[in-house]
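Some notes on the structure that comes next.
Each value in this text was obtained by applying a stated rule to the coordinates, not by laboratory testing. Predicted, not measured: the structure shown is a model, and the values here were computed from it. Cβ: placed from backbone, ideal geometry, glycine included. Neighbour counts: every protein chain shown.
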Amino acid sequence: MPVRIPLLAIAVAAAACLGAQSLPAAASDTVVSRGVTIPAFYDPPAALPAADGTVIRSEPLPLALSLPGIDGPLPGRATRLMYKSTDSNGDPVAVTGAYIEPTAVWRHGGPRPLVAVAPGTMGQGDQCAASLGLEHPLTLNGRTLSVGYEDLAIYRLLAEGVAVVVTDYVGLGATDRLHTYVNRLDGAHAVLDAVRAARTVDGASVTAASPVGLYGYSQGGGATAAAAELQPSYAPDVTLAGTYSGAPPADLAAVTAAIDGSDLAGALGWAVNGFVQSDPALRPVAEAHLNAAGKAALADLSTMCVGDAILAYGSAHSTAWTTDGRTISDIVAAEPALKAFLDRQRIGTLRPASPVRVATGVSDDLVPHAQARRLAVDWCRAGADVTYVPVLLPGVGRALLNHFAPLLSDQGAAIAWLTDRLSGRPAASTCWSLPAQP
C-alpha cells in the first residue's frame with residue numbers, strides 16, 4: 001500500500017501536467033467525425049461479426065503516463081478496442097473502448113479479476129470517448145475541452161492488480177452514429193460486451209473463470225445498474241461478483257427536470273439527441289416542439305464534450321428552446337410517445353442476481369438523491385443483495401459540485417467494496433435499513 005498511493009498520485013498529477021493536447025491530425029490515419037479529427041481506428045467497418053463481445057480490431061494504446069517497472073510498465077499495458085454489441089433495437093453495433101492489463105499482482109486469491117468501468121458523462125462528440133481520455137487526459141483546442149476524470153478510478157483499480165476494461169458506450173468514439181446518452185439497454189449491453197471482449201485480448205490474463213465487477217458513477221452508475229439487472233438474461237456467461245452504481249440516473253424524468261437550468265443543462269440536448277437516435281419515430285415529435293434556437297443548441301451539443309457544454313450551455317433553461325416556452329420535462333409528460341420512451345428507460349424493474357452497492361450523495365440535486373435511493377429500495381423489495389450508502393456531504397450551492405463531490409469522497413470505499421466482492425467475501429445487505437419513504 002505505501003507504494004500504491006504515491007504511484008496513483010504521481011500518475012494522475014503527471015497525466016494532468018502533460019498539459020492540453022490536441023488529437024492527432026495526420027491525414028493518413030485519422031477521420032473527421034462531425035467536424036473533429038479523431039484516429040481512423042474509431043471508424044467502424046460496414047460488416048460486423050455475429051457474436052456479441054467479438055473484438056473487431058485492436059491496437060496498442062499509449063497511456064498518458066507509463067512508468068518503467070521491474071515487471072513491466074506501470075500501471076500496465078493498454079489496448080484500444082473495437083468490439084461488437086447489440087443496440088436497444090436489437091441491431092448490431094460497433095463499440096470502442098480499452099483494456100488494460102495491470103503490472104501489479106492480484107494478491108487476494110483466485111484468478112485475476114476484471115472490472116468493467118462505465119464512464120460518467122463525457123459528452124456526445126466522438127472526441128470525448130473515455131479511451132481517448134486515457135491517452136490524452138486533458139484535451140484543449142479550439143473546439144474541445146475534455147478531461148479524462150475517470151482515469152483516477154482506473155489507476156486505483158490497476159494498483160490493486162485488477163484488470164480493467166473501459167467502454168466508450170454506443171456511438172461515443174465510434175463514428176457511425178450519435179452517442180445514445182443514458183440509454184438503458186445500449187449502456188448495459190456495451191458494458192457487458194466489453195467484458196466478453198476483454199477476455200479475448202492478446203496477452204490478457206483474464207478468462208471466463210475470472211470474477212467480474214462493474215464500476216460506474218452518474219451516467220456510468222446508470223449503465224452498471226442496468227447491466228447488473230440484465231446480466232442474467234443478456235450475459236449469463238459473465239461471472240458477475242459485484243456492481244458499484246454511484247449516483248445512478250434510474251428515473252430519467254426526475255433527472256431531466258433536475259438538470260434543466262443547471263451547470264449541466266447541456267445534457268438535456270444529449271438526452272434528446274440520443275432518444276431520437278434510438279427511436280427515429282420520436283424525431284418529428286421532438287422537432288415539433290423545438291424552436292430554431294433549440295434545434296441549433298441540440299446540433300451544437302452533439303459535437304461537444306462535457307467541458308465545452310458547461311462553458312457554453314451552463315445554466316441554460318429549456319424554455320428558451322421550445323416553441324411555446326414549456327420545459328422539456330413538461331413536453332415529455334404531455335407527449336405519450338416521449339413519456340413511454342422514458343418509462344422504458346427506468347432502472348429498478350428487474351432484480352440483479354449478484355450484490356450491488358448503490359451510493360448517492362444526500363445533497364445531490366443534479367442526479368437527485370431520492371430517485372437513486374428509490375432504486376435501492378426497488379431492488380431490496382425484489383430480494384436483491386443491496387448495500388445502500390448515503391454519502392453525507394453538505395450542499396455547497398452548486399448542483400454540479402454537489403453531484404461531483406461524492407464521486408471523489410466515496411471512491412476509495414467503493415473500490416474497497418468491489419475488491420472484497422472480487423475476493424469472494426460476502427456482502428452485507430443493508431436492505432433492513434431502507435424504509436419505503438425517501
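Listed from fewest to most Cβ neighbours within 10 Å, the set I328, I56, I347, I70 follows the order I70, I56, I328, I347.
Taking the Cβ of R398 as the centre, find all other residues whose Cβ is under 15 Å away and add up their charges (Lys, Arg: +1; Asp, Glu: -1). Before the final figure, lay out each step's value.
Details: positive: none; negative: D263, D364, D365.
Around R398, the charge tally is -3.
Within the shell defined by Cβ-Cβ distances under 11 Å, the residues around Y234 carry a net charge of -3, with Lys and Arg each +1 and Asp and Glu each -1. For the chain, how big is the tail of P(r) above 37 Å, as a whole percent of Cα pairs? That tail contains 17 percent of the Cα-Cα pairs. Judged by the mean number of other Cβ atoms found within 10 Å, the most tightly packed of the peptides 132-138, 42-48 leads the ranking 132-138, 42-48. Around the amide H of L290, modelled in the peptide plane, lie the amide H atoms of T323, all under 5 Å away and 5 or more residues distant in sequence or on another chain. Using only the Cα atoms of segment 252-344, each taken as one equal point scatterer with no solvent, compute I(q) by the Debye sum, divide by I(0), and report log10 of the ratio at q = 0.10, 0.23 Å⁻¹. One equal scatterer on each Cα of segment 252-344 leads to -0.21, -1.25.
The calculated 222 nm mean residue ellipticity attributable to helices in the chain amounts to -10500 deg cm²/dmol, summing -39500 (n - 2.57) over DSSP H runs of n ≥ 4 and dividing by all residues.
Proximity of backbone amide H atoms, modeled 1.01 Å from N, is registered between D364 and H369 at under 5 Å, excluding neighbours fewer than 5 places apart on the same chain. Bridge orientation summary for the chain: considering DSSP beta bridges with both residues in this region, about 55 percent are antiparallel. Please report the relative contact order for segment 252-344, taking Cα pairs under 8 Å with a sequence separation of at least 6, and give it as a percent rounded to a whole number. It rounds to 39 percent for segment 252-344.
Once you list every other residue whose beta carbon is under 9 Å from the beta carbon of V206, what net charge do they have if Lys and Arg are +1 and Asp and Glu are -1? Let's see the in-between values first.
Numbers: positive: R112, R199; negative: E101.
For residues surrounding V206, the net value is +1.
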